[in-house]
Amino acid sequence: MTRIFAYAFVAVACAGITSSYESFAAIEVGPGSAPIGFTPTKLPKRKLSPIHLELRGAIDSAEGERRVLKRMVLEIDRNVAIDPKGLATCRLRRIRKADTATALKACKAALVGEGKMEFEVSYPEQSPLIPFGRVLAFNGGVTRIYLHAFLKSPVAAPLVIVVKASKVQRGRYGTKLVATIPPIADGAGSLTKIELGLFRMFTYKGKKRSYLRARCADGKLQARWEAEFAEVPVLSRGAVIQPCTVKG
C-alpha cells in the first residue's frame, strides 16, 4: 500500500535575508498531505507581523504502484495574510517555457520563495528515474502564485504549477490556495517530494512590507489540506496546528 510521509518544518527569518531551520513536527498520514509551519512563533496579538511559511511533503509509493498528485487545496488560518501589494508581478508567459536560470532572470523581482522538488519518471520496460528540480515561487498577482521547476532528465522540460489564491470565510480559515499539477514528462512523471519556503520582504512607497504576515490572536495558527490523486476519486484530508505566543 502506498503511504505518504509528510513533514512540516519551520524557518526563522533573520533580518529578512537569512534563515535558520529547526524541526517543527513529523507525522505520518495517508494517502496524501502537505503540512505547513509558520515562524516566528512569537507574534503580536492584533497587528499583522512578517512570517516565514515552510512546506515539506513526500509521497512514498510501494513497488509497482505510483500515485499521481493532481490537485492540492490548502486552507490557512484567518490570522495569516498574503499581501502582494506593491510587489513586482511575474507574467506566466515569461516562465512557461523557461529553464530555471531564465525564469529567475525574467521574474527575480517577483520571487517570493524557493525550494526543491523530486519527481518519479517511469517509462514502459525501464526502471523509474528520480530527477530533482529547483522550484521557484513567483508572485503572479493578488490571486496567483507560480511554482516553476525544470526537469533536466530524462527529458528537458519546464513545469509550472499554478496556485490560485482566494479569500474565504470558513470558520477558522481565511485564505484558500488551490494548486493544480499539470502532466509531468508527458504523463510519465509524478511529483514525489516538495520542500518550499515562502518569505519575502520588500519596500513599497518607502515602507517595508512582507509578502506573508500573521498575528497570534488566540494562541495558535492552523491550516488544513486536501489532496486529490489521479487513481483515487476520494480526497485525502489532514490538518496541522501550531501554537503561538503573544509578543510583548
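A short reminder: the numbers here are calculations on the coordinates, not readings from a lab. A quick note: this is a predicted structure, and the numbers were derived from the prediction, not measured. Glycine also receives a Cβ, built like all others from the backbone with ideal geometry; neighbour counts cover every protein chain displayed.
Roughly how many nanometres apart are two label points built 7 Å out from the Cα toward the Cβ at residue 123 and residue 245?
So the two model labels end up 5.6 nm from each other.
Could you give the nm distance between label points at residue 47 and residue 168, where each point is 7 Å from its Cα heading toward the beta carbon?
Roughly 3.1 nm, to one decimal.
Among the lysines, which have Cα under 18 Å from the Cα of residue 42 when same-chain residues fewer than 8 positions away are ignored?
Within the straight-line limit of under 18 Å, residue 42 reaches these lysines: 220, 247.
Please work out how much length the chain gains when fully extended from residue 208 to residue 152, using 0.36 nm per residue of separation minus the C-alpha to C-alpha distance, in nm with one decimal. Mind showing how you got there, number by number?
On the way: separation 56, 0.36 × 56 = 20.16 nm, distance 3.74 nm.
Length gained, residue 208 through residue 152: 16.4 nm.
Whole-Hz Karplus ³J(HN,Hα) for region 163-175, in order, using 6.51 cos²θ - 1.76 cosθ + 1.60 and θ = phi - 60°, x for Gly and Pro?
10, 8, 10, 8, 7, 9, 10, 10, x, 6, 9, x, 10
Between rounded, prolate and oblate, where does region 48-141 land on the alpha carbon gyration tensor, with a ≥ b ≥ c its root eigenvalues, rounded for a/c under 1.5, else prolate if a/b exceeds b/c?
oblate
Which pairs, out of 97/164; 70/207; 164/208; 97/205, put more than 29 Å between their alpha-carbon atoms? Intermediate results must be reported in sequence, preceding the final value.
Numbers: 97/164 20 Å; 70/207 39 Å; 164/208 25 Å; 97/205 33 Å.
Beyond 29 Å between Cα atoms: 70/207; 97/205.
How much length, in nm to one decimal, is gained on full extension between residue 97 and residue 109, taken as 0.36 nm per residue of separation minus their Cα-Cα distance?
Details: separation 12, 0.36 × 12 = 4.32 nm, distance 1.86 nm.
That pair, residue 97 and residue 109, stretches by 2.5 nm at full extension.
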